[in-house]
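Below is one structure, written out as structure tokens, with a few remarks after it.
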Amino acid sequence: MKAVVLAGGFATRLRPLSCTRPKQLFPVVNRPLLDRVIERLVDHGVDEVILALHYMAEKIMLRYQNEFFSDIRIICIKEDRPLGTAGPLKLATRYLDKEPFLVLNGDILTFINYRDLYEHHLKCGGLATIAVKKVEDVSRYGVVELDERWRVMRFIEKPKGEVKSKMINAGIYVLDPKVLDMIPPGRKVMLEEELFPKLARDGQLYAYRYDGVWVDIGKPNDYLRANEKLLEVEAKPHNGVIMGREVIVKKGAELIPPVAIGDYVVIEEGSRVGPYACLGSRCFIGKGCMITDSVLFEGVHVGDYSAIKGAIIGENVTIGRWVKIERGCLIGDGAVVRDEVTLTQGVAVCPYKEVKESILTPCILK
Ligand code: GTP
């Protein structure tokens, strides 16, 4: 089985954190999302993964062209301009011309069974099958209306008015190679806008229902939610605490499950970390700190008596003493937040910026 992973988008909704890394390399419980996606594909029998890249392609190529994934071939294809969600498939045609293949948005944390989806596609016999999921608010998604045989009767991208169905496109597909002939070459083409509505009209689009874990990490809140979901699952067999190598937790410091602590982390006395905190490797947490509902990337330094709640803190950020960082704050890589600063809800700090004064209204600090 072959799979194309779409991983070339600009990730604008995750700025400023995505200014320095593509979202597929954002850690989810301390490992890049794309590592997890590739591993699951391999578990379900995929032996060739094509990474469709554009924005910050080099960062992804550096990792996956050198990293050893046993029994799997990884091919990186870089678009010289963004080709959308279907254009990259046309570009990859020479690797895809024999059997049906999987296509996935590379920004989704899910436990879907790819093998099952693939077999469902073969059974249905259409040109394409899309994984669908039931949600309450369908307005942000592509909505599918189905008949009783799982055939998609209508595909409506981001509906404006009322729609009958609550089933949405989960961003995971199996396509027959014949679909490649329908994609015009050399320009941006979206599966959701140009191909799926047409395939639905032709009676060639089927659905596969999946109701398990599925989180699109495209927005900061959803990224935090993906970490929470996975933390619950992965910490369970470890009594709620995932502990890296050579971690030092000083006397009187408390870890409140579920929590994930990366390698070489130091937590000083009197600090409380968790619930729902992920600390990347080499983080240092000073005395008397409180960290909850947050993700800290690698190498974050937090000074004594600081509090972080519901925030995402980029790599190698330095946070001073007595700092307060509130819900929804996003701190770009390498930023410095000086002593006694408070950042109110929803403040975003650009990479390498120094913040010397409190910010009490939501804004982007450039
Ligand atoms: P936003 O700018 O925040 O909307 O993010 P995005 O650019 O990633 O767009 P979106 O979340 O809609 O993309 C869904 C998936 O398709 C993600 O995995 C993207 O990386 C991928 N994607 C989007 N556009 C392109 C593209 O032009 N080329 C490739 N190769 N992948 C893309």
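The values are calculated or read from the model by the stated rules, or taken from the named source; none is laboratory data. Remember, predicted model here, so these are calculated numbers, not experimental data. Every residue, glycine as well, gets a Cβ built from its backbone with ideal geometry; the counts of neighbours run over all protein chains shown.
Go through region 96-106 and give me each residue that's over 13 Å from Val46 (Cα atoms) and in contact with a strand residue (DSSP E or B) (Cβ under 6 Å, 6 or more places away or on another chain). Selection gives Asn105, Gly106. Please determine whether any residue of region 164-184 is in contact with an Asp or Glu (Cβ under 6 Å, 6 or more places away or on another chain) and modelled with pLDDT of 95 or more. Yes: one or more hits. Against the conditions (1) more than 30 Å from Leu365 (Cβ to Cβ); (2) within 13 Å of the ligand (Cβ to nearest atom), Tyr55 satisfies every one except (1). Within this structure, Met290 passes the test of being free of Cβ contacts under 8 Å to residues at least 40 places away in the same chain, of a type in the set (A, V, I, L, M) and under 18 Å from Val323 (Cα atoms). Return the residues of region 343-361 that are assigned to a strand (DSSP E or B) and surrounded by fewer than 17 Cβ atoms within 10 Å (Cβ to Cβ); say none if nothing qualifies. Across region 343-361, the qualifying residue is only Glu354.
Filtered by the rule that a residue be on the phi < 0 side of the Ramachandran plot and small (Gly, Ala, Ser), region 103-157 gives Gly106, Gly126, Ala128, Ala131, Ser139, Gly142. Note on region 122-134: among residues that are away from the ligand (no atom under 16 Å from the Cβ) and under 30 Å from Lys160 (Cβ atoms), the one that is surrounded by the most Cβ atoms within 10 Å (Cβ to Cβ) is Thr129. Scanning region 174-200 for residues that are closer than 18 Å to Ala131 by Cα and without any contact (Cβ under 8 Å) to a residue 40 or more places away in the chain gives Glu193, Lys198.
Of the helices (runs of 4 or more DSSP H) that lie entirely inside region 5-119, those containing 3 or more residues that are touching a residue at least 12 places away in the same chain (Cβ under 8 Å) and surrounded by fewer than 23 Cβ atoms within 10 Å (Cβ to Cβ) span 33-43, 57-66.
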